[in-house]
Amino acid sequence: MRTKILNKFRFLLTFLLFGSLLLTTSVAQSNNWKAPVSAKKIKNPLAKVVSASKKGKLLFKTNCAVCHGEKGKGDGIAAVALNPKPANLSSDRVKKETDGEIFWKITNGKAAMPAWKGTLKTKQRWQLVNYIRTLQKQKNKK
C-alpha cells in the first residue's frame, strides 16, 4: 500500500515538474523577450569609459560565456541544454536594443537567463553592457 502511494506521489510530482517546465519554456519561446518601455530611457553611466568594457570582458568570461559563448553568439557549452537558447548578443536584434534595455535584461533575467541583480553590482552590469557592445562591433569587422 505504501509503495503504491509513493509511486503515485512520484508520478504526480514528475508530471507537475515536467508540465511547469514545458509551460515556462513555451511562454519564453513564444514571446520575443522585450524589456519594458521604461528601460529604453535608462542611460549608461559608463558609456564613454573605455576601461569599462575591459572589465566587462572579464565578467563576461566568468559569468556569461558558459551560455552565450566566448564571442556572445549564444553557443556556449551550456547552451545545448537550455531552452530557450541563449541570445546571440551580436545579432541585429540585440544591437538595436538600447543600453538600458540590455542592462534591464541582465539585471532581471528571464527563464534560463539568471537575474544578476543580486550577484553583480550595478557598475559591473554596466561594464557587461559595454563589453556586449564591443562584441557587436567585432561582428561588423568580419
Relative counts (whole %) of C-alpha pair distances in the range 39-141, using bins that are 10 Å wide: 16, 53, 29, 2
Label-to-label distance, nm, for residues given as Lys54 and Asp92 (7 Å Cα→Cβ offset): 3.4 nm
Centroid-to-centroid separation of the range 29-92 and the range 94-141 [C-alpha atoms, Å]: 5 Å
Members of Lys85/Lys110; Lys57/Lys117; Lys55/Lys85; Lys41/Lys123 lying beyond 23 Å, as alpha-carbon distances in this model show: Lys55/Lys85
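Taken together, the values in this text are just the output of simple stated rules run on the coordinates, not laboratory data. From a predicted model like this one, the values you see are computed outputs, not experimental measurements. Methodologically, a virtual Cβ is constructed for each residue, glycine included, from the backbone with ideal geometry; neighbour enumeration extends over all protein chains shown.
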